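Just so it is clear, none of the values below were taken in a lab; they were calculated from the coordinates. Everything numeric in this text was worked out from a predicted model, so none of it was measured. Cβ atoms come from the backbone with ideal geometry, glycine included; neighbour counts cover every protein chain shown.
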Amino acid sequence: MDHFQIAVAVGSLRRDSFNQQLAHALEKLAPSNFSFKHLPIGELPLYNQDDDGNQSEPVLRMKNDIAASQGLLFITPEYNRSIPGVLKNAIDHASRPYGHSAWKGKPAGVIGISVGAIGTALAQQHLRNILAYLDVPTLGQPEAFVQAKEGLFDKDGQIGEASRKFLQGWVDSYVDWVKQHQIDPIPSAS
Ligand code: FNR
């Protein structure tokens, strides 16, 4: 069975982030041949085009992690009706230098959770625009706009009963999407 490593970008650095919780809960719904590596986007400097010829170690590490992955998972809050600056900063870093974007061609899923009623819909739409420009094939359906509500997560941090079927369906579609776009899955040892 092929193994798939997924590079995960969570758009919140907050300690008790709902989006971090959602990331971990979704990862538990994926099959065992999927593993997830979180990109440490909080360690990156602010993007400066002057540094394109001499990217810093954290940027190069992130680009290597993306290059080694068979798929991308973006889990983002909505900040002022768009994506948080920390996430855009990471996307810009890994898109450069010109012609050497790490993102190109990697199949992606986009999902997010917020306290607002539209559940990150506008942030996700902005993110889809950016990913389209970066040549990232992004799962279109199902969309998942998640609102932070009592009972969404159970006491073990898993998705609670009321949302489990829907989010399991989202993960299953994401897994299929990643598999459909494979160029170089990692062969398993056995
Ligand atoms: C927000 N929040 C928010 N929510 C929303 O639904 N739409 C929005 O446009 C905004 N804008 C916004 C801006 C800023 C600067 C902050 C700090 C917050 C609220 C947001 O959904 C809430 O703080 C979530 O808890 C953020 O996600 P994490 O950190 O829990 O993952």
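The figures follow:
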{"quantity": "Residue list for region 75-91, filter: over 13 Å from A102 (Cβ atoms) and in contact with a helix residue (DSSP H, G or I) (Cβ under 6 Å, 6 or more places away or on another chain)", "calculated": "I75, T76, P77, E78, R81, S82, I83, V86"}
{"quantity": "Close pairs (8 angstrom Cβ cut-off, 6 or more residues apart or separate chains): free of Cβ contacts under 8 Å to residues at least 40 places away in the same chain in region 59-87, surrounded by fewer than 21 Cβ atoms within 10 Å (Cβ to Cβ) and among the hydroxyl-bearing types (S, T, Y) anywhere", "calculated": "G85/Y79"}
{"quantity": "Selection count where residues are over 21 Å from Q20 (Cβ atoms) and hydroxyl-bearing (S, T, Y), scope region 79-119", "calculated": "3"}
{"quantity": "Members of region 129-148 found to be out of contact with any Gly (no Cβ under 7 Å at 6 or more places or on another chain), closer than 17 Å to W170 by Cβ and not hydrophobic (A, V, I, L, M, F, W, C), listed by number", "calculated": "P137, T138, G140, Q141, E143"}
{"quantity": "Subset of region 120-129 (residues that are part of a helix (DSSP H, G or I) and touching a residue at least 24 places away in the same chain (Cβ under 8 Å))", "calculated": "A121, L122, A123, Q124, H126, L127"}
{"quantity": "Extreme residue, nearest to I75 (Cα to Cα), among residues of region 137-148 that are away from the ligand (no atom under 12 Å from the Cβ) and not in a strand (DSSP E or B)", "calculated": "A144"}
